[in-house]
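J.: Input: one structure, supplied below.
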Amino acid sequence: MKGTLKIFSLIALSLISFGVAAQNKLISLDKLINKTDPAWPLVQKWIDSAKNKVEVLPVDSVKAKEVLYNAQMTTYATLGSVIYNTGGIMVDNGWIRILGSGSERMTRNIADWNKGKTIKEFGDNVPYLLIADDAIGGFFAINYGGLGPDVKNVYYLEPNTLTWQPLGAGYGEFLVFCFDSDLSKFYKGLRWSSWDQFIANLDGTKSYSFRPYLWEKDTDIEKCSRKLVGIEEMYNFNIMKSKELNADKGIKKDDAKQ
């Protein structure tokens, strides 16, 4: 029961952190580093008992502090603990890339990755926060009001529909989902038969692009050609195409760049 309560309190604190940041009054690093009850031991337990292959990327302590400050996350919260203690997390040999403070294999960090996409400057009010992505151009984000009414829940930008789908889970639950769930079911129809031969050495800054596009009608991924593209190029294209395809469905637009 205590463990459950802590998970919910960690999720709530993630929201509080960004609520404060929205006022453009950045909290000092000393106040963000929780030395008495950080979330990392709990996350470490999840990792140690994970059913899927989980690789924690090395962390640079100096960079981690910088990213934690820019992201305005406390290490009492699950997300802050991942930023402060990892350079990122690779799941299923790197099929899913969970953002942290950056490393050699995945040079992106969560603060810089969101800047110019969901925010203009650190401390801005964020409509949603990009937290992870995968090898086929799908993106995971925490909703802060820009994706739907269920603030704090994680959404997935599906590469086969280019719509943001709610997962009905907060960040902590999202981590557990990545670590323990049957990902082959979640990605049914989105993994080609030999996918595992290509993923292990995949650069965390790249993703596979397919032709025909996965969102085109009757696309069979087994018959698609594929090539590696930069993850930023993939995100920008998918967001642009998502707005175009869903313009008549009332999908909220990302106004960060406007």
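The values are calculated or read from the model by the stated rules, or taken from the named source; none is laboratory data. All values derive from a computational prediction rather than experimental measurement. Backbone-built Cβ (ideal geometry, glycine too); neighbour counts: all protein chains shown. The area values use the complete protein model at the heavy-atom level, side chains included, leaving out ligands, DNA and RNA. Shrake-Rupley method; radii C 1.70, N 1.55, O 1.52, S 1.80 Å.
J.: Among what's in the stretch 73-105 and is of a type in the set (Ser, Thr, Tyr) and open to solvent by less than 10 Å² (accessible area, probe 1.4 Å), pick the residue that is nearest to residue 115 (Cα to Cα).
T.: Residue satisfying both the conditions and the ranking: 101.
J.: I need the full set of residues from the stretch 108-145 which are closer than 18 Å to residue 65 by Cα, outside any strand (DSSP E or B), in contact with an Asp or Glu (Cβ under 9 Å, 6 or more places away or on another chain) and not aliphatic (A, V, I, L, M), in order please.
T.: 108, 109, 113
J.: Out of 254, 203, which single residue is open to solvent by less than 80 Å² (accessible area, probe 1.4 Å), in contact with a helix residue (DSSP H, G or I) (Cβ under 8 Å, 6 or more places away or on another chain), assigned to a loop (DSSP other than H, G, I, E, B) and modelled with pLDDT under 95?
T.: After ruling out the rest, the residue left standing is 254.
J.: Further question: What's the total number of residues in the stretch 146-175 that are open to solvent by 50 Å² or more (accessible area, probe 1.4 Å), within 26 Å of residue 53 (Cβ to Cβ) and outside any loop (DSSP other than H, G, I, E, B)?
T.: 2
J.: Please find, within the stretch 122-136, the residue that is farthest from residue 155 (Cα to Cα) out of those that are modelled with pLDDT under 95 and open to solvent by 10 Å² or more (accessible area, probe 1.4 Å).
T.: 122
J.: Taking interchain pairs and intrachain pairs at least six residues apart, which have beta carbon atoms under 7 angstrom, with the first residue in the stretch 184-210 and farther than 17 Å from residue 229 by Cα and the second modelled with pLDDT under 95?
T.: 196/93
J.: Looking only at the stretch 34-72, which residues are aromatic (Phe, Trp, Tyr) and either open to solvent by less than 60 Å² (accessible area, probe 1.4 Å) or closer than 24 Å to residue 92 by Cβ (or both)?
T.: 40, 46 - these are the residues of the stretch 34-72 that are aromatic (Phe, Trp, Tyr) and either open to solvent by less than 60 Å² (accessible area, probe 1.4 Å) or closer than 24 Å to residue 92 by Cβ (or both).
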